[in-house]
Amino acid sequence: MKPIYGLIGNPVAHSMSPDIHNAALQDLSLEGHYHAFRVENEDLEDAVKGMRALGIQGFNVTVPHKVAIMKHLDRIDESAEALGAVNTVRREKEGLVGYNTDGAGFLKSLKPSLDRPLSELSILLIGAGGAARAIFTTLAAETPKRLDVANRTPEKALAFTQRFEGEARALSLQEAEADLSAYDIVIQTTSVGMHPNIEAAPLSLTNAKETCLVCDIIYNPLKTALLQEAEAKGLKTLDGVGMFIGQAALAFELWTGHEPNMEKMKSIVLQQLGGKSC
Ligand code: ATR
């Protein structure tokens, strides 16, 4: 039987995952097909049973099921255990095993933009939701010089920074904005600036230093208001396409054992978004 891969989430109608995974399978002349399945919250358990019964080889998990799926799996890999969320499931001898490739996917996209090791860099993470947690946990393992978190609700940021053994402060958005010159990298992980509220940004970059790299994990739009401000100031930028492709490539590798053509995946995403990546 040809392997079947998939995505479960809600909504999934506009997901670009089927296109990039099917293109990667084709590119490597691998048999198989990737399909997106819309699954309501109350149907999650049945959906996982269905995945088992039908012999699905692997699937991605997206909003709103990334946490809820954990109790339906046979084992959680440490990559997902540390984040408390699963975005990739693989069928193994012991059953369905949950992984998380979000943080590692971001790091894969960030590394080519760095001119120094992370241990020498001060980082500001904006946001304290699920995406921020994945990125924080992955970056913390790289022991950056400083890893601060700013959030609209600073108490949530504190829950992150308390777990980090190195230098880390939990800040309000206003405090971070005032002290922005302290950072080599700013990473925006909130939903602020996402379509349709494309004029919004969580903070202003007025105080950012000239060498600062500004990253936004949003990819719709490709150039968020924050990245536009960064470009206008002559700062280096990184948009959200890299993280999206990075997490997909790592999931693909887990399932097939092959490294996909990331440039091809990226060009499909850019074509669909109708733009040019940073
Ligand atoms: P995800 O899983 O995509 O990270 P999430 O867990 O819902 O999404 O987290 C959303 C993040 O965006 C949070 O940091 C949230 O701030 P709060 O913790 O204060 O809720 C942030 N966020 C959402 N809307 C915001 C807004 N209008 N202004 C500032 N931050 C916002």
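Just a few scattered comments:
- Selection of segment 137-156 for residues being of a type outside the set (S, T, N, Q), more than 11 Å from the ligand (Cβ to nearest atom) and in contact (Cβ under 8 Å) with a residue 24 or more places away in the chain yields Leu139, Ala140, Glu142, Pro144, Lys145, Arg146, Leu147, Asp148.
- Whichever residue in segment 7-46 is in contact with an Asp or Glu (Cβ under 9 Å, 6 or more places away or on another chain) and over 16 Å from Ala251 (Cα atoms) and, among such residues, is surrounded by the most Cβ atoms within 10 Å (Cβ to Cβ): Val39
- Extreme residue, farthest from the ligand (Cβ to nearest atom), among residues of segment 162-186 that are surrounded by fewer than 22 Cβ atoms within 10 Å (Cβ to Cβ) and hydroxyl-bearing (Ser, Thr, Tyr): Ser181
- Single condition Ala159 does not satisfy, out of (1) within 25 Å of Val241 (Cα to Cα); (2) within 14 Å of the ligand (Cβ to nearest atom); (3) among the hydrophobic types (A, V, I, L, M, F, W, C): (1)
- Output for segment 51-89, where each listed residue is among the β-branched types (Val, Ile, Thr), over 13 Å from the mean Cα position of the chain (by Cα) and outside any loop (DSSP other than H, G, I, E, B): Ile69, Ile76, Val89
Conditions tested, residue by residue: (1) in contact with a strand residue (DSSP E or B) (Cβ under 7 Å, 6 or more places away or on another chain); (2) away from the ligand (no atom under 16 Å from the Cβ); (3) farther than 26 Å from Met262 by Cα.
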position: His35; (1), (2), (3): yes, yes, no
position: Glu42; (1), (2), (3): no, yes, yes
position: Ile56; (1), (2), (3): yes, yes, no
position: Leu73; (1), (2), (3): yes, yes, yes
position: Ser79; (1), (2), (3): yes, yes, no
position: Val86; (1), (2), (3): yes, no, no
position: Arg91; (1), (2), (3): yes, yes, no
position: Gly98; (1), (2), (3): yes, yes, no
position: Ala104; (1), (2), (3): no, yes, no
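- Within segment 231-278, the residues that satisfy the criterion of being surrounded by fewer than 22 Cβ atoms within 10 Å (Cβ to Cβ), in a loop (DSSP other than H, G, I, E, B) and among the charged types (D, E, K, R) are Lys233, Glu259, Lys276.
- Of Gly234, Gly130, Gly242, all but one fail to be under 16 Å from the mean Cα position of the chain (by Cα) and away from the ligand (no atom under 16 Å from the Cβ); the exception is Gly242.
- Residues satisfying the stated conditions in segment 53-63, i.e. exposed (fewer than 14 other Cβ atoms within 10 Å of the Cβ) and either under 17 Å from Val86 (Cα atoms) or of a type in the set (S, T, N, Q) (or both): Val63
- Going through (1) on the phi < 0 side of the Ramachandran plot; (2) surrounded by fewer than 18 Cβ atoms within 10 Å (Cβ to Cβ) one by one, Gly95 falls short only on (1).
- Some residue of segment 214-227 being touching a Ser or Thr at 6+ places or on another chain (Cβ under 6 Å) and assigned to a helix (DSSP H, G or I): yes
- Yes/no for Ala208 being assigned to a loop (DSSP other than H, G, I, E, B), crowded, with 22+ Cβ neighbours inside 10 Å, aliphatic (A, V, I, L, M) and free of Cβ contacts under 8 Å to residues at least 60 places away in the same chain: yes
- Residue list for segment 198-228, filter: of a type in the set (Asp, Glu) and within 16 Å of the ligand (Cβ to nearest atom): Glu199, Asp216
Yes/no matrix, rows are residues, columns are (1) modelled with pLDDT of 95 or more; (2) surrounded by 15 or more Cβ atoms within 10 Å (Cβ to Cβ); (3) not in a helix (DSSP H, G or I):
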{"site": "Ser119", "(1), (2), (3)": "yes, no, no"}
{"site": "Leu125", "(1), (2), (3)": "yes, yes, yes"}
{"site": "Ala132", "(1), (2), (3)": "yes, yes, no"}
{"site": "Phe136", "(1), (2), (3)": "yes, yes, no"}
{"site": "Leu139", "(1), (2), (3)": "yes, yes, no"}
{"site": "Pro144", "(1), (2), (3)": "yes, yes, yes"}
{"site": "Val149", "(1), (2), (3)": "yes, yes, yes"}
{"site": "Glu155", "(1), (2), (3)": "yes, no, no"}
{"site": "Phe160", "(1), (2), (3)": "yes, yes, no"}
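The values are calculated or read from the model by the stated rules, or taken from the named source; none is laboratory data. From a predicted model like this one, the values you see are computed outputs, not experimental measurements. Heads up, the Cβs are rebuilt from the backbone with ideal geometry, glycines too, and the neighbour counts pull from every protein chain shown.
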